[in-house]
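Read the structure below first, then the notes.
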Amino acid sequence: MKKNHTSTAWLTWGIMLVGANLRLPITMIPPLLPTIKQTLGLPASMAGMLTTIPLLMFALASPLIAKMGNRRGNEWSLLVALVILLAGSLLRIISSLTALIAGTLLIGFGISGGNVLLPAIIKDQFPHAIGAKTSLYTVTMGLIASLGTGLAGLLNQQFNMQITLAAFSLVGVFGLLVWALAFRTLPKKAARQDVQRKNIAVSRSMLAWWIALFFGLQSFLYYSLLTWLPSLWQATGFSQIAAGNLATIFQLSGMPATLSIPFIAEKRHGLLYSVWGIMLGFVLGALGILIPGANFGLNVVYALLMGVASGAAFAICIVFFQKKTADAYETASLSGFAQSVGYLFAAV
């Protein structure tokens, strides 16, 4: 499909701002948990549910979104998902535990839209710039998620939880508006020309199952580390501020990997070497933080190792979705299947 410069520009901005919404609504929650427990009466035993609920929604919604993309078009389906994501973000502003849980459910569904459909949209709209556009959204996703973790606590201290949630909802507003404008600029082609094709039975592919397993492992490791690393560092003697700084380093260090992996994957044996590097980073980092008496400098190194490994692992999954499929519809189908199986594994 031939696009004009205006359409290309809006699509590029849209991809970036959609990426900004794919982790922020989750990573902003851990710093707010003490306030949520105190203000809304959330039992300590249920605190982990606020990060587990989105994973379960990813698992349930991913195949549905892939089917919707095949029937109605990926770009239109992503627009619907962003509306649902914003509705969930606004619902969480209400000072109610029920609203918080319901909003988190909607957010999980909405984020699934970006997770599943963005790789397919990039493959379809930018077939000659897949690496660049993939890096653009994964780096934006990691950067905004990291900033959100740090700023959520500061905003909560300066104002309150509702203002903090409302402020971060603006990212969803911008993402929806820009994607809506991008959608309007797309040429009026037969947008549903391939919609009637049969669903691709990716569940019969052994490769799809291996990709799903890899995706599940990286999701489990990332969200587990994101949730528990600050507490673990505090338990080993670091202050809350120091633990928070280490957690921010963990998240930010993944960005260079997400930026470079799509290009490394184009090289001979690039994927193989990257997978081995990811395994080494996770193992060395995890073993390092368990060593008693390690100083702050060493823990910075361990956080860097695990952060780079996490960022690279996620980027490789996106590359798998794009390189192992023939077109955007296959990409969405494989992405939906792998994320459904993978996030179910990660949530359990």
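The values are calculated or read from the model by the stated rules, or taken from the named source; none is laboratory data. All of these numbers come straight from a predicted model, not from anything done at the bench. Cβ coordinates were reconstructed from backbone atoms using ideal geometry, including for glycine residues, and neighbour counts include every protein chain displayed.
Observations on the model:
- For the range 81-129, a residue qualifies if it is β-branched (Val, Ile, Thr) and either assigned to a helix (DSSP H, G or I) or under 30 Å from LEU259 (Cβ atoms) (or both), and the qualifying residues are VAL83, ILE84, THR98, ILE101, THR104, ILE107, ILE111, VAL116, ILE121, ILE122.
- Hits in the range 62-83 (condition: over 15 Å from PHE337 (Cα atoms) and of a type outside the set (A, V, I, L, M)): ARG71, ARG72, GLY73, ASN74, GLU75, TRP76, SER77
- Exactly one residue among LEU24, LEU33 is under 15 Å from ALA152 (Cβ atoms), out of contact with any Cys (no Cβ under 8 Å at 6 or more places or on another chain), aliphatic (A, V, I, L, M) and free of Cβ contacts under 8 Å to residues at least 24 places away in the same chain, and that residue is LEU33.
- For the range 291-348, the set of residues classified as buried (at least 23 other Cβ atoms within 10 Å of the Cβ) and among the hydroxyl-bearing types (Ser, Thr, Tyr) consists of TYR302, SER310, THR331, SER333, SER335, SER340, TYR343, listed by residue number.
- Test: residue in the range 37-46 that is within 16 Å of LEU225 (Cα to Cα), part of a helix (DSSP H, G or I) and among the hydrophobic types (A, V, I, L, M, F, W, C): no
- Meets criteria (surrounded by 21 or more Cβ atoms within 10 Å (Cβ to Cβ), under 27 Å from GLY244 (Cα atoms), hydroxyl-bearing (Ser, Thr, Tyr) and in contact (Cβ under 8 Å) with a residue 12 or more places away in the chain) for THR134: no
For (1) surrounded by fewer than 19 Cβ atoms within 10 Å (Cβ to Cβ); (2) more than 19 Å from LEU50 (Cβ to Cβ); (3) modelled with pLDDT under 90, each residue gets a yes or a no:
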position: GLY148; (1), (2), (3): no, no, yes
position: LEU177; (1), (2), (3): yes, yes, no
position: ILE211; (1), (2), (3): no, yes, no
position: LEU217; (1), (2), (3): yes, yes, no
position: TYR223; (1), (2), (3): no, no, yes
position: PRO230; (1), (2), (3): no, no, yes
position: SER239; (1), (2), (3): yes, yes, yes
position: ASN245; (1), (2), (3): no, yes, yes
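- Among the residues of the range 89-114, those that are under 28 Å from GLN322 (Cβ atoms) and crowded, with 24+ Cβ neighbours inside 10 Å comprise ILE107, GLY108, GLY110, ILE111, SER112, GLY113, GLY114.
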